[in-house]
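The values are calculated or read from the model by the stated rules, or taken from the named source; none is laboratory data. The model shown is predicted, which means the values in this text are computed figures rather than measured ones. Note that each Cβ is placed from the backbone with ideal geometry, even for glycine, and that neighbours are counted across all protein chains shown.
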Amino acid sequence: MPTTFGDLLLAPEAMSTTTAYLQRQKFLPVPLHTLCVTGELPVDIYLCQGRDDAPVLFRRRNIEIPPDEFPKLLESGIETVFISRDHVEVYQQHLEDNVAVIIANESLPLERRLQFLGDTGRSILHEVFQADQLDQTLEAVDDLSNHMVELFAGNEVAVSDLFSVLRHDYHTYTHSYNVASYAMLLGKELGFSSDEKLRSLSVGGLLHDLGKLKIPRTILNKKGRLDNQDWDIIRRHPFDGFVALVNRPEVSRDQLMMVYQHHERIDGSGYPVGLIGDEIHPFARICSVVDVFDALTSSRPYRTANTTNEALETLDRLANDKLDAEMVQCWKALMKKPS
Ligand SMILES: [Fe+2]
Ligand SMILES: [Fe+2]
């Protein structure tokens, strides 16, 4: 099995010696730009000379790092460094502590800030989805959405730039972050551009597959065809998410409808209810378009990812009968817009 963090993969077959491989198992690869903050870092930083080498210590923790050191490394083409797996929690705390400062730093290119927020968002969602504690999840989603609104409302984010910095691995935490960020961009283009609406699109996107946390991994990661029994279980997730959230006062109706109705389809063939056309909440229709797009452009246990053009062609075929045609056209235009 490869070692994963998001989809940063260290494929064992790519490592020529067992010693270097075993050494690497003790380390977590992290994107270097997530460490580009001023002051001291709470983790030791390791570098790898070559793809097959074991990591070597580069900078000890809690020692002031010169401000230009990591930017210089980035310029030299080093994008990934390593930290000890014993420091994962400290690293995640570092991400959370620094996210507000980094996304507000206009001297950093927007792409880097998008990447930082994406890495942080996935890391936070991974943690809270694993813990499966609703209070903790809602609190984390609330914080993350505030950061997303700040970055997405305050900047002209091109969908193609966003696509290039996101991961496409279809872990539920990756998929949820992607859907939330795409939903904000599509919603903004459709005129839902107030901070309040963007926040709802973000929260609803982050929570839309909450009910999937109840689905056994054996079904989610199944390589072969799913049987009817598997599908019955999978189709319960919008309802399970709705039941978990319906009595939570902090979850608005707009957000709840994204959770409950994102698998409804325009012609009534969706689930859980079989609503038709405008009976489906507009935010749920937005969610459906970007949910299908992200599913198509992510690699799955049983297939590789579609290209963006292939995915857009599929969306085109689904427009009118299954997905809102105007929203599909709008998403296609956004995807094709140059950055
Ligand atoms: Fe879903
Ligand atoms: Fe989904």
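Would you please name the residue that is surrounded by the fewest Cβ atoms within 10 Å (Cβ to Cβ), looking only at residues in segment 277-334 that are of a type in the set (Ser, Thr, Tyr) and away from ligand 1 (no atom under 16 Å from the Cβ)?
Among those residues, the one meeting the criterion is Thr304.
Does Ser181 meet the test of being within 17 Å of Ile124 (Cβ to Cβ) and either crowded, with 22+ Cβ neighbours inside 10 Å or in contact with an Asp or Glu (Cβ under 8 Å, 6 or more places away or on another chain) (or both)?
Yes.
Name the residues in segment 184-208 that are more than 12 Å from the chain's Cα centre (by Cα) and within 15 Å of ligand 2 (Cβ to nearest atom), would you?
To start, the set of residues in segment 184-208 that are more than 12 Å from the chain's Cα centre (by Cα) comprises 184-201, 203-204, 208.
Listed by number, the residues that qualify are Leu186, Leu201, Val203, Gly204, His208.
Only residues in segment 236-248 that are over 14 Å from Val273 (Cα atoms) count as the first member; pair them with residues that are assigned to a loop (DSSP other than H, G, I, E, B) and away from ligand 2 (no atom under 14 Å from the Cβ), Cβ under 9 angstrom, at least 6 apart or cross-chain, and list the lot.
The qualifying pairs are Leu245/Val251.
Could you say which residue among Gly211, Gly187, Gly224 is within 16 Å of ligand 1 (Cβ to nearest atom) and in contact (Cβ under 8 Å) with a residue 12 or more places away in the chain? Please lay out each step first, then the result.
Numbers: Gly187 fails: within 16 Å of ligand 1 (Cβ to nearest atom); Gly224 fails: within 16 Å of ligand 1 (Cβ to nearest atom).
Exactly one of Gly211, Gly187, Gly224 is within 16 Å of ligand 1 (Cβ to nearest atom) and in contact (Cβ under 8 Å) with a residue 12 or more places away in the chain, namely Gly211.
Please go through (1) within 23 Å of the chain's Cα centre (by Cα); (2) of a type in the set (D, E, K, R); (3) surrounded by 18 or more Cβ atoms within 10 Å (Cβ to Cβ) for Arg265 and return the number of the only condition it doesn't satisfy.
(1)
Out of Leu28, Leu74, Leu95, report the one residue that is modelled with pLDDT under 90, within 30 Å of Ser145 (Cβ to Cβ) and not in a helix (DSSP H, G or I).
Leu28
His147: in contact with a Ser or Thr (Cβ under 9 Å, 6 or more places away or on another chain) and not in a helix (DSSP H, G or I), yes or no?
It is false that His147 is in contact with a Ser or Thr (Cβ under 9 Å, 6 or more places away or on another chain) and not in a helix (DSSP H, G or I).
State whether one or more residues within segment 251-261 are within 14 Å of ligand 2 (Cβ to nearest atom) and of a type in the set (A, V, I, L, M).
yes
Only residues that are more than 18 Å from the chain's Cα centre (by Cα) and either assigned to a helix (DSSP H, G or I) or small (Gly, Ala, Ser) (or both): list them for segment 103-123, please.
Ala104, Ser107
Would you mind finding the one in Val90, Val101 that is surrounded by 13 or more Cβ atoms within 10 Å (Cβ to Cβ), at pLDDT 85 or above and of a type outside the set (Phe, Trp, Tyr)? Give the derivation first.
Values: Val101 fails: surrounded by 13 or more Cβ atoms within 10 Å (Cβ to Cβ).
From the options Val90, Val101, the qualifying one is Val90.
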